[in-house]
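Take a look at the structure below.
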Amino acid sequence: RAKRLLLSKLFQPLNLQGEVRGDGKPGEFTCRSQKLMLQAGLIHPSSPGCYSYMPPTVRAMEKLVKVMDEEMQAVGGQKLNMPSLSSAELWRASGRWDQMGPELFRLSDRHDKGYCLGPTHEEVVTELVAAHGNLSYKQLPLRLYQVTRKFRDEPKPRFGLLRSREFYMKDMYTFDTSEEAAQQTYDLVCDAYCSLFNRLGLPFVKVQAATGSIGGTMSHEFQLPADIGEDRLVLCPDGHFAANVETLNGEQTSCPTCGEKLTQTRGIEVGHTFYLGTKYSSVSNAVFYSPQNKPQLAEMGCYGLGVTRILAASIEVLSTEDSIRWPSLVAPYQLCFIPPKRGSKEEEEGATLLEQVYNDLTEALPHLAGDSVLDDRTQMTIGKRLKDANKLGYPYVVVAGKRVCEDPPVFEVWNQNTGEVLFLTKEGVIELLSKVQVP
């Protein structure tokens with residue numbers, strides 16, 4: 001049974017007053033999400049581009065992965081897990097061992113065999129499917145995905161979780177019987193990505209993109225428009241056309257569909273889809289048997305979502321300069337309870353009534369039982385704790401303030417995402433929170 005957590009026991013070393021820059025080095029430029037995540041004790045720099053994720057961040061990640069699982073399984077995705085350590089032979093066969101250059105973390109084992117830490121898993125998954133040599137067309141489409149740590153030797157890791165050397169990614173690899181079927185899969189997964197970002201309430205755009213080191217013949221990025229973004233995007237104001245500037249020949253200034261002037265913005269890439277064709281299946285001989293019992297190469301696609309990057313990017317675009325705002329579906333904790341200050345005249349009665357609200361709430365809404373924090377730092381004023389709760393971005397804060405001793409008791413409820421303050425009885429609090437969704 002999930003117990004309500006005491007804030008004083010939560011391993012989240014706060015630095016809400018302190019000045020935080022970069023990875024703690026003076027004068028290093030940072031972006032909003034990095035500064036807020038460091039201040040809120042959500043991440044801790046371990047080495048350049050590598051972070052420890054604190055318990056609240058892990059909760060947010062697990063919730064985000066749950067939402068991804070729902071969307072991937074709705075399109076027939078099957079979850080597996082492949083090793084981070086990947087044989088150099090596989091990468092040499094595909095030509096990417098040399099092509100990837102210094103971004104690949106390379107290492108050798110004691111027998112002098114070469115390996116890399118996987119930044120992506122096309123080679124591994126294709127070899128895995130090819131190893132099952134008797135695949136029938138009836139078993140396709142095959143849609144395999146995982147959520148794992150990935151590694152990229154960034155020349156300049158920066159912006160916290162937006163450009164790091166070790167990160168979490170959801171990557172799906174699909175195998176189809178024909179180009180047409182692979183195109184249907186592509187559209188289906190792109191729709192699932194749109195659904196995911198809509199559920200998170202994130203303002204995304206889907207843009208045409210370059211295929212880069214992954215390869216293939218078609219690619220789209222899912223971008224969150226943001227000044228800090230490293231990609232330059234051009235968008236048709238009526239939504240007919242959107243592209244990453246790197247895909248355009250020369251300066252394209254008007255929409256190819258309607259002729260409207262294109263607007264420019266910057267974006268943070270949070271998802272990427274590729275139609276690969278037989279680029280990898282031909283190398284590993286990943287075949288299936290057709291209705292005529294003839295071996296045919298599978299048509300492939302690959303689809304990535306940055307798990308840790310989505311968390312940081314959503315904080316980047318939703319938050320204010322000094323207060324975190326989460327997509328409410330994945331906030332680490334939905335509720336923060338603030339009891340009266342120690343020594344106040346409401347202290348005893350208020351604490352008891354707040355306890356009762358919590359007990360009645362978890363009985364009525366059991367899914368919220370483990371999703372709340374009690375700010376038990378009662379030596380501090382309510383105002384100070386409220387300010388901290390606002391900075392940490394709990395979607396709802398329930399305060400036992402001056403009106404808690406009225407008959408019936410009235411609680412102050414802050415809805416952080418709308419900025420509203422409501423004064424509600426216990427029943428009103430439960431009714432308001434009944435609308436809260438937890439994945």
> What do you reckon, is Thr273 within 23 Å of Leu128 (Cβ to Cβ) and touching a strand residue (DSSP E or B) at 6+ places or on another chain (Cβ under 8 Å)?
Replying inline: yes
>> Whether any residue in segment 412-423 is at pLDDT 95 or above and more than 32 Å from the chain's Cα centre (by Cα) is what I want to check.
In response: yes
>> Checking the conditions here, which among Leu202, Leu142 is aliphatic (A, V, I, L, M), modelled with pLDDT of 95 or more and more than 23 Å from Met61 (Cα to Cα)?
In response: Leu142
> For segment 161-278, which strands (runs of 3 or more DSSP E) that fit wholly inside it have 3 or more residues that are open to solvent by less than 40 Å² (accessible area, probe 1.4 Å) and assigned by the TED database to the domain that holds Cys302?
Replying inline: 166-176, 218-225, 231-235, 242-244, 263-277
>> I'm trying to understand the selection: among the residues of segment 410-422, which are surrounded by fewer than 13 Cβ atoms within 10 Å (Cβ to Cβ) and not small (Gly, Ala, Ser)?
In response: Thr418, Glu420, Val421
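For every residue, the table says whether it meets (1) within 30 Å of Asn198 (Cβ to Cβ); (2) of a type outside the set (A, V, I, L, M, F, W, C); (3) open to solvent by 70 Å² or more (accessible area, probe 1.4 Å).
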| position | (1), (2), (3) |
| --- | --- |
| Leu36 | yes, no, no |
| Ile43 | yes, no, no |
| Ser52 | no, yes, no |
| Val58 | yes, no, no |
| Glu70 | yes, yes, yes |
| Ser84 | no, yes, no |
| Pro102 | no, yes, yes |
| Arg110 | no, yes, yes |
> So Pro102 fits all but one of (1) under 28 Å from the mean Cα position of the chain (by Cα); (2) at positive phi; what number is the exception?
Replying inline: (2)
>> Which condition from (1) in contact with an Asp or Glu (Cβ under 9 Å, 6 or more places away or on another chain); (2) of a type outside the set (Val, Ile, Thr); (3) open to solvent by less than 20 Å² (accessible area, probe 1.4 Å) is the one that Leu90 breaks?
In response: (3)
>> Let me spell it out: the conditions are (1) among the charged types (D, E, K, R); (2) modelled with pLDDT of 95 or more; (3) part of a helix (DSSP H, G or I); (4) surrounded by 15 or more Cβ atoms within 10 Å (Cβ to Cβ), and Glu431 meets all of them except one. Which number is the exception?
In response: (4)
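The values are calculated or read from the model by the stated rules, or taken from the named source; none is laboratory data. Computed from a prediction, not measured in an experiment: that's the story for all the values here. Cβ: placed from backbone, ideal geometry, glycine included. Neighbour counts: every protein chain shown. Quick note on the areas: whole protein, heavy atoms, side chains included, nothing else; ligands and nucleic acids left out. Shrake-Rupley method; radii C 1.70, N 1.55, O 1.52, S 1.80 Å.
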